[in-house]
Each structure stands twice: as C-alpha cells, then as structure tokens.
Amino acid sequence: MAVVGGAGSGKTLTVAKLAARLKAGGLQPFVVSVERATSVGAHALRAHMAQLKIDCFSVVDASSLKLILRERKNGQPVLIDTEAIDVYGADAHAILVEIRAVAGAQLCLVLPAGMDSEESADIAEIFQKARTRMMIATKLDQSRRIGNIVAAAACGLALTEAGVSSNIVGGLKRFTPEYLISRLLHQGDPVYVGK
C-alpha cells in the first residue's frame, strides 16, 4: 500500500500506525519512505520504526523504489510513505500513476478531517482518477467537523480507517458505518449506536 496525500495530511503517522498494527498481528512490514530531500517526516518515520524494531528504507525516486522493493521477502506486506503531492500541480496524476506502476501498490489517500468539503471532494476526485480506491481519514481527534470526509468518500473512495489519536499503537480505528453515524449524531467521542 502506498499512502498518498498532501503536505501535513498525516501520511507518515498513518504509515507508522499501520506498521504497528501489522507488527502486533505477527507480521513484519517492509516500510519505505519516498522523499526527494530528507524531511522531518522521513526522520519521524525512521524513529517510529526503530521503536517498533522494523527496518525503514529511504529512497529518493521511483527507480530507487523499484530497486529497494526487490529486497522484500515473498508475501511481506509493504507500506510506502510517499512524498507530499501538490494535487493541483501539473504532474500530480503522473506521480500517482508512476508510484502505482513501479510499486504495484494500491494507493490510499490520507485526508484530514475539518477541511473545506468542496476542496476535499476536489482532492478526492483527483486521486480517484489516478485509481486511488481507499481513504484514511486523519485527525478525527482534533476536529469535530467531518463533512469533508463524507464529501471526499462520495467521489468513490472506500473509507477504511480513522485516525483517532496521535498514539502509534491503537491510533487507528476501523471506519465503519456505525462509527460514522456515531460521529455525525454525537459530534464527539463515538459511542456505539443501537440498532
């Protein structure tokens, strides 16, 4: 899975949370950070992976990504923390297509709660056109407004997870219909809604 999105969307923290979940489930993920220039995100990801005792590889472009993926063990899950994408940039679509082709990865958009709904829908549509099929909503612990998440998902992206905490372990929650209803009805910490 290649985690994609704009700057500050929560991609790096989401990759760390997914890696922690895989490790807790008995799997050793293959984690790669793709950054043309060393960034705070790449350093943070390496620090998180060191705590989890998971190797983290850094590459600078698609060709080096292709090479490092040869080191992956057969069947080993891969998590790719991609560079921030300027969704309105002329090359955004090409970058997404290249990542998907080189890595053979599913693309998963990371989108923070609380943004403008129309802008979120525009962003989701751009990613969906590049064959992104999944979305992880982040920063739900920091925002009561989630209309943008619903608007983005309406573009054809499957809501898979919700970032509900800055904690690496347990910081993701499955985004179920019950969770969404609870958030919409109560606008706070979710409680399960009776049938």
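The values are calculated or read from the model by the stated rules, or taken from the named source; none is laboratory data. Since this is a predicted model, take the numbers as computed values, not measurements. Positions of Cβ are generated from backbone atoms using ideal geometry, with glycine treated the same way; all protein chains shown enter the neighbour counts. What goes into the accessible areas is simple: the full protein's heavy atoms, side chains included, and nothing from ligands, DNA or RNA. Shrake-Rupley method; radii C 1.70, N 1.55, O 1.52, S 1.80 Å.
Some notes on this structure:
- Conditions (1) without any contact (Cβ under 8 Å) to a residue 40 or more places away in the chain; (2) touching a Cys at 6+ places or on another chain (Cβ under 6 Å); (3) open to solvent by less than 10 Å² (accessible area, probe 1.4 Å): number failed by VAL3: (1)
- In the range 86-108 there is at least one residue that is touching a Gly at 6+ places or on another chain (Cβ under 7 Å), touching a residue at least 60 places away in the same chain (Cβ under 8 Å) and among the hydrophobic types (A, V, I, L, M, F, W, C).
- Lone qualifier among SER117, SER63, SER143, SER58 - being touching a strand residue (DSSP E or B) at 6+ places or on another chain (Cβ under 6 Å), free of Cβ contacts under 8 Å to residues at least 40 places away in the same chain and open to solvent by 10 Å² or more (accessible area, probe 1.4 Å): SER58
- Restricted to the range 88-132, and to residues there that are of a type in the set (Gly, Ala, Ser) and within 14 Å of the chain's Cα centre (by Cα), the residue that is farthest from ASN148 (Cα to Cα) is ALA105.
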